[in-house]
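*Asks:* Below is one structure. I have some questions about it.
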Amino acid sequence: MRNRPILVLILLVVFALGLAAYSSRVHPGGDLPPEDQPDTTQLTPPAPSAQSSKLPIAQQEQLFSKYEPTAIHATLQVEGLAPIEIELYPKAAPKTVAHFVKLCKEGFYNGILFHRVIPNFVAQAGDPASKKIDGRKLRGLTDQQVAMKYLLGAGGSGQTVPFEGNDLTNLPGTIALALSAPRTDTGDSQFFINLVDNKQLDGDYCVFGRVVQGMDQVKKIQQGDRIQSIVIH
């Protein structure tokens with residue numbers, strides 16, 4: 001009985017640490033797909049970006065064509081899936097692409113999990129702490145559960161890059177840098193692949209690449225799937 005106050009104190013400290021990790025995690029949006037999120041998720045919505053969803057899809061697609069001649073090609077290999085070919089656009093986001101390429105060449109992403117996969121929204125990876133975790137344990141967990149139980153979602157390489165706004169939009173298959181808050185210089189190693197047209201994210205997250213082959217494989221990615229490698233060509 002004498003030790004009960006100490007035990008309670010320890011439990012409170014553990015809970016507080018888990019809550020802090022969750023609140024500082026890097027991501028676009030919340031746990032639910034955007035159409036299910038309450039309006040209170042953004043207390044100060046950013047002004048609509050000039051390039052975003054007002055353009056027809058065909059015109060948004062054309063925005064990528066001007067960056068393709070200087071694109072950097074890479075192959076994303078997820079365990080159990082066929083190779084996924086991607087393009088990176090240094091002219092659209094020079095510092096972001098340079099940082100991402102550097103991490104890929106260093107093997108930073110090898111063994112990292114997709115710790116956040118929300119159907120009809122995004123597939124997100126890039127937290128190095130996930131390397132030590134059995135990915136099968138993340139299946140079916142919510143953002144809060146992943147953060148509280150495994151302390152995932154806030155980790156990175158330790159080197160952030162400035163936010164680079166551009167005219168690229170969050171069409172299906174595009175790749176953007178995850179941030180702790182929209183339009184902030186908090187991007188690092190975590191990235192997300194848009195599974196649908198997430199026009200509500202346009203202008204708030206730096207789009208720096210896209211999947212050019214293997215979108216069918218991207219759609220098969222489950223929460224907890226492990227990246228084998230990202231090879232720059």
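Computed from the coordinates by the stated procedures, all read-outs in this text should not be read as laboratory data. No experiment lies behind these values; they were computed from the predicted model shown. Cβ sites come from the backbone with ideal geometry, for glycine too, and all protein chains shown count toward neighbours.
*Asks:* Can you name every residue in segment 82-110 that is in a loop (DSSP other than H, G, I, E, B), under 26 Å from residue 219 (Cα atoms) and not aliphatic (A, V, I, L, M)?
*Replies:* The answer is 83, 89, 90, 107, 108, 109, 110.
*Asks:* Wholly within segment 155-225, which strands (runs of 3 or more DSSP E) include no fewer than the required count, namely at least 1 residues that are out of contact with any strand residue (DSSP E or B) (no Cβ under 8 Å at 6 or more places or on another chain)?
*Replies:* none
*Asks:* Residues in segment 99-113 that are in contact (Cβ under 8 Å) with a residue 24 or more places away in the chain, of a type outside the set (Val, Ile, Thr) and surrounded by fewer than 17 Cβ atoms within 10 Å (Cβ to Cβ): how many?
*Replies:* Result for segment 99-113: 4.
*Asks:* Residues in segment 143-161: is at least one touching a Lys or Arg at 6+ places or on another chain (Cβ under 7 Å) and closer than 19 Å to residue 90 by Cβ?
*Replies:* yes
*Asks:* Given (1) touching a helix residue (DSSP H, G or I) at 6+ places or on another chain (Cβ under 7 Å); (2) of a type outside the set (S, T, N, Q); (3) surrounded by 21 or more Cβ atoms within 10 Å (Cβ to Cβ), identify the lone condition not met by residue 171.
*Replies:* Only one criterion is unmet by residue 171, namely (3).
*Asks:* Take the conditions over 15 Å from the mean Cα position of the chain (by Cα) and among the aromatic types (Phe, Trp, Tyr) and apply them to residue 64. Does it pass?
*Replies:* yes
*Asks:* Let me ask another. Kindly provide the set of residues from segment 139-160 that are surrounded by 21 or more Cβ atoms within 10 Å (Cβ to Cβ) and closer than 9 Å to residue 188 by Cβ, ordered by number.
*Replies:* Of everything in segment 139-160, just one residue is surrounded by 21 or more Cβ atoms within 10 Å (Cβ to Cβ) and closer than 9 Å to residue 188 by Cβ, namely 155.
*Asks:* Which residues, taken from segment 83-118, are of a type in the set (Lys, Arg) and more than 16 Å from the chain's Cα centre (by Cα)?
*Replies:* 91, 95, 102, 105
*Asks:* Just to be sure before I move on: is residue 214 under 14 Å from the mean Cα position of the chain (by Cα), touching a residue at least 60 places away in the same chain (Cβ under 8 Å) and more than 20 Å from residue 56 (Cα to Cα) in the structure I sent?
*Replies:* So residue 214 does not fit the description; no.
*Asks:* Still on this structure: Considering only residues that are crowded, with 21+ Cβ neighbours inside 10 Å, more than 13 Å from the chain's Cα centre (by Cα) and among the acidic types (Asp, Glu), which ones fall in segment 180-203?
*Replies:* 202
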